[in-house]
Amino acid sequence: MKWMKFMAVCLVVAGFGGVVEGAGARRPNIVVMLADDMGYSDVGCYGGEIETPNIDALAAGGVRMSEFYNCSRCCPTRASLLTGVYPHQAGVGHMTWEDLHLPGYRADLSKDTPTIAEVLKGAGYATFMSGKWHVTINDQPGSPKDNWPRQRGFDRYYGIIKGSGSYYDPAMLVRENTPIQPRGDKEYQPEHYYFTDAIADQAIRFVKEHDAEKKEQPFFLYVAFTSPHWPLQAPEDVIGKYKGKYDGGFAPVREARYERMKQMGIIDPKWELTPAPQLWSDVKHVAWEARCMEVYAAQVDRMDQNVGKIVAALKEEGELENTLIIFMSDNGACAETTGRADMPKRDKEKPVAPRAIDKPQTQSNGAYTLDGTPVRSGPEVIPGDADSFIAYGRSWANVSNTPFREYKHYVHEGGIAAPFIAYWPGGVSEHGTWNKSPAHVIDIMATCVALSGAKFEGKVAMQGVDLEPVFGGKDLERGKPIFWEHEGNRAMRDGKWKLVATGPKTPWELYDMDADRTEMHDLAGKELGRVKEMGDAWEKWAEETNVLPLLPKGKKKLMAAE
């Protein structure tokens, strides 16, 4: 098995430890940490100004990928990560809102595609998950549970079945198989409940309890943070760290990130910075806009603190040297207007009685807090507390996605480019380096199978490749292109060439990623033959992977591809 090559090694652990002597023959633990709606340049080691020392330390002691991709949206990315196939092959080609009774759009994770937990459990791994699930249409207390984490291979689970909600009153919060709410959870009563903290605390608990009973058994831990997904909510002491930092508006922050990224070698200086959607001088509520970004930064900051807590716990348990930690994001930054214009105003609603401790929150945008205060939205509401429900909007999302075009939902680089860090003292030899091979979330399953010695027996073949060469400083040899589709947005990456289109009926654009990764110079008109060849390849892939017929953006009906 491949893991045998890591026996009896002596390696220096950068960032989180000292010298490891004799790592031993046990197969590695695997920890996958997933951020939610976080842009490509938000963390410090990808050029951001937000304080992320713990994530940065993982990068310093591991390897970063500059061209790692997700599936542009939360549900599809999670489906691909868990199964190692494209989202439509796993039945989650869109969201979990509606079963369209077609193989690619069932809104429920397919039973024909085993999860990483199911595959690794078959190889003798313990399996734990803490955080956001969001791959089943059955997300209410009385729903069938056959596609909840405990029924899809995880030995332990704490988190939300739905896709979003309050950080102080999470929507469809579940412990193991039982819906709960923070005040009614007898097993976890911190002084101040905050979901990002709770996700990390439960992950740590699972590892500690496992080590107390079966320390010799390797484990797989999936930590699916909801940070920094809306609503903008964070502890005030963390928000205070960023007071005034964004008062100058969008452009100075974005330009500073762009310069740092060039200096770091993440981006090529010849790649142009894409146009911004709005000028600060055109902003009506300046102080409110600055506050939105302060809270967003605090959410990322707090997530980083909890990454540090998990790493510290692994070290304390003696597990760190034999643990592969992967950190990434599920899609590009989010330009959605939730909490700005598309939520009902509740300013005139009166408080109600606090919710009973046996009544879990079932809605992502619940009308009242746990204590009965109306939840409000709009630019007259200061974001941060439990009674606010606000998103930071398109212009700040454009900053988070520096230097790329577009956002979550789309398959231009701003929607699909993700930070990716692999840290493993026993297996990553190229500390602090960048790898520029194109890679994709479908590759996580293939990597876990290779490292664990597990046998993959899904009815659909794994679509990804093993990322182990990257850990040793080598480039990946994929052998075939990477493909995307979401809401009719289509793309294909084949070597340095990327074919991309916005919506199901728009013409293809073509970009040379080596010369122009910010997608500023469309070469489709000059490369008609290449566009035809790649377009035909995309159509063939779409037909083979349950993508067709396409689902247009904003519509709950399917249409034939043209």
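The values are calculated or read from the model by the stated rules, or taken from the named source; none is laboratory data. Since the model is a prediction, treat every value here as computed from it, not as a measurement. Glycine also receives a Cβ, built like all others from the backbone with ideal geometry; neighbour counts cover every protein chain displayed. Accessible surface areas use protein heavy atoms only, side chains included; no ligands, DNA or RNA. Shrake-Rupley method; radii C 1.70, N 1.55, O 1.52, S 1.80 Å.
Note on Lys270: accessible area approximately 110 square angstrom, rounded to 10, probe 1.4 Å, nucleic acids and ligands left out.
The helix-only estimate of mean residue ellipticity at 222 nm for the chain, built from DSSP H runs of length n ≥ 4 each weighted as -39500 (n - 2.57), is -7500 deg cm²/dmol after division by the residue total. Along the axis of the charge dipole computed for the chain (Cβ charges of +1 for Lys and Arg, -1 for Asp and Glu, origin at the Cα centre), the listed residues Gly91, Gly473, Gln189 are led at the positive end by Gly91.
Each 5 Å bin from zero holds the following percent of Cα-Cα pairs in the range 212-299: 2, 11, 15, 15, 15, 14, 10, 6, 4, 4, 3, 1, 0.
Averaging 1/r across all pairs of distinct Cα atoms in the range 428-467 and inverting the result yields a Kirkwood radius of 11.6 Å.
With the contact rule set at Cα under 8 Å and sequence spacing of 6 or more, what percent relative contact order holds for the range 287-417? Relative contact order, the range 287-417: 29 percent. Annotation for Ala353 and Ala287: the two label points, set 7 Å from Cα along the Cα-Cβ direction, are 3.9 nm apart. Taking a point 7 Å from the Cα of Asp475 along the Cα-to-Cβ direction, the residues of the range 45-85 with backbone N closer than 20 Å to it are 63-69. If the reach is capped at under 17 angstrom between alpha carbons, list the lysines near Lys262, excluding any in the same chain fewer than eight residues apart. Leaving aside lysines fewer than 8 places away in the same chain, those within reach of Lys262 are Lys270, Lys436. Among 75-86, 99-110, the peptide with the highest mean count of other Cβ atoms within 10 Å heads the list, and the full ranking is 75-86, 99-110.
Kirkwood analysis of the chain, using all unique Cα-Cα pairs, places the hydrodynamic radius at 23.7 Å. For the chain, the solvent-accessible area works out to 36 Å² per residue, with a probe of 1.4 Å and every protein chain left in place. Round to a whole number: what % of the accessible area of the chain belongs to carbon and sulfur, probe 1.4 Å? On the chain, the fraction of accessible area on carbon and sulfur atoms equals 52 percent.
Here's the picture: charge each Lys and Arg Cβ at +1 and each Asp and Glu Cβ at -1 in the chain, and of Gln263, Leu523, His134 the one pushed furthest to the positive end of that dipole is His134. Averaging Cα coordinates gives a centre for the range 491-522 and one for the range 185-237; these two points are 39 Å apart. For the residue pairs Lys241/Lys315; Lys408/Lys498; Lys162/Lys208; Lys315/Lys474; Lys145/Lys215; Lys162/Lys505, the alpha carbons lie more than 20 Å apart in Lys241/Lys315; Lys162/Lys208; Lys315/Lys474; Lys145/Lys215; Lys162/Lys505. For the range 275-400, the gyration tensor built on C-alpha atoms gives an oblate shape. Its axis ratio a/c (a ≥ b ≥ c) is at least 1.5, and a/b is not larger than b/c.
In terms of its C-alpha gyration tensor, the range 450-548 comes out oblate, because a/c is 1.5 or above while a/b does not outweigh b/c. Other residues within the sphere of radius under 10 Å centred on the Cβ of Thr369, judged by their own Cβ, net out at -3 (K and R +1, D and E -1).
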